[in-house]
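Student: Here it is, the structure in full.
The values are calculated or read from the model by the stated rules, or taken from the named source; none is laboratory data. Everything numeric in this text was worked out from a predicted model, so none of it was measured. Here the Cβ is made from the backbone with ideal geometry for all residues, glycine too, and neighbour counts use every protein chain on show. These accessible areas exclude ligands, DNA and RNA; they are computed on the full protein's heavy atoms, side chains included. Shrake-Rupley method; radii C 1.70, N 1.55, O 1.52, S 1.80 Å.
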Amino acid sequence: MKTFITLLILIASNFSFAQSEENIEKFRALEPNLWLGIWDKENSSESIKIDTLSYDDIPKSMDFKGTVVEALKWTDANGENILIQTVTGYFTWKDYEENSKDYMLQDKAELYAYLYVKSNTEQEYKKKWRVYDYIECYGVDMFIGFVPKATTITDLDNDGISEIAMPYVSMCRGGMDPGIMKIIMFEENTKYALRGSTMIMCGNENAYGGEYEASSNLEQKPSFNNFLKEDWDRNKCEEGKYY
């Protein structure tokens, strides 16, 4: 009996040690940022000097959630701007049934973008807007994130106030269905958008997906509308992307 108990203790100790080692390795691998090359320098305005920020360069007063995948800084007529783009990665959440304490465990991932602005008359940055989206999925492939080399900073209407356009995709699928794609553009607090699907098998006669609908306010902004259409065509294909 003593031998059996001793054996159980050894098994439990080894299991606990293995778990501790696994957690230690995960802890050592933790990073506050994961630079994925989100900024599209080529299609941003050359007249705007844009700098990339390291994690330590981001002012400590700025509140954001998730792992930083891009941080950019530039100046326009509004003052100094800092754009922070983040993703959370996957985590488990409780999907409660309506009017019930019963729930199912699901997988979820989130995406955020924040714009902080400091005017010429202010000492501190203030949050101007936040973008939030998420994907909920279980048992199949899932992803949400910004399209690589696709976020642009422009001044298309030459008014001295920058526009920020951010293409991103989300997916929950077990086959070859197109993912969801959106391009969100802001000028000041006004949001413009294209929403549709990614394209699969691009350049092939059997290509499918890639359609979108534009927000109605783009009808009054032809320069924005044309730019976003070109942006969509540049980034709609899934081939060659990391998702």
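Student: Would you pick out the residues in the range 45-72 that are in contact with a Ser or Thr (Cβ under 8 Å, 6 or more places away or on another chain) and under 22 Å from SER119 (Cβ atoms)?
Tutor: SER45, ILE48, LYS49, ILE50, PHE64, ALA71, LEU72
Student: Any idea how many residues of the range 136-164 are touching a residue at least 12 places away in the same chain (Cβ under 8 Å), open to solvent by 20 Å² or more (accessible area, probe 1.4 Å) and either within 16 Å of GLU187 (Cα to Cα) or not hydroxyl-bearing (Ser, Thr, Tyr) (or both)?
Tutor: Initially, the range 136-164 is screened for residues touching a residue at least 12 places away in the same chain (Cβ under 8 Å), giving 136-157, 159-164.
From what's left, open to solvent by 20 Å² or more (accessible area, probe 1.4 Å): 136, 138-143, 148-149, 155-157, 159-161.
Next, from what is left, pick out any that are either within 16 Å of GLU187 (Cα to Cα) or not hydroxyl-bearing (Ser, Thr, Tyr) (or both): 136, 139-143, 148-149, 155-157, 159-161.
The number of residues fulfilling the criteria is 14.
Student: Next question, about the same structure. Among the residues of the range 170-217, which ones are acidic (Asp, Glu), open to solvent by 70 Å² or more (accessible area, probe 1.4 Å) and in contact with a strand residue (DSSP E or B) (Cβ under 9 Å, 6 or more places away or on another chain)?
Tutor: Selection gives ASP177, GLU211, GLU213.
Student: Something else now. Has the range 50-58 got any residue that is farther than 30 Å from SER170 by Cα and at pLDDT 95 or above?
Tutor: Within the range 50-58, the first condition is being farther than 30 Å from SER170 by Cα, and the residues that meet it are none.
Checked the range 50-58: no residue is farther than 30 Å from SER170 by Cα and at pLDDT 95 or above.
Student: Moving on. Looking at the range 77-129, which of its residues are modelled with pLDDT under 95, part of a strand (DSSP E or B) and on the phi > 0 side of the Ramachandran plot?
Tutor: Passing the criteria: only GLY89.
Student: Say whether the condition of being out of contact with any helix residue (DSSP H, G or I) (no Cβ under 8 Å at 6 or more places or on another chain), of a type in the set (Phe, Trp, Tyr), in contact (Cβ under 8 Å) with a residue 24 or more places away in the chain and closer than 28 Å to ARG173 by Cα is met by at least one residue in the range 69-87.
Tutor: Within the range 69-87, not a single residue is out of contact with any helix residue (DSSP H, G or I) (no Cβ under 8 Å at 6 or more places or on another chain), of a type in the set (Phe, Trp, Tyr), in contact (Cβ under 8 Å) with a residue 24 or more places away in the chain and closer than 28 Å to ARG173 by Cα.
Student: Looking only at the range 218-242, count how many residues are in contact (Cβ under 8 Å) with a residue 40 or more places away in the chain and buried (at least 17 other Cβ atoms within 10 Å of the Cβ).
Tutor: Count: 9.
Student: Which members of the range 65-98 meet the condition of being closer than 22 Å to ILE48 by Cβ and exposed (fewer than 15 other Cβ atoms within 10 Å of the Cβ)?
Tutor: Matches in the range 65-98: ALA77, GLY79.
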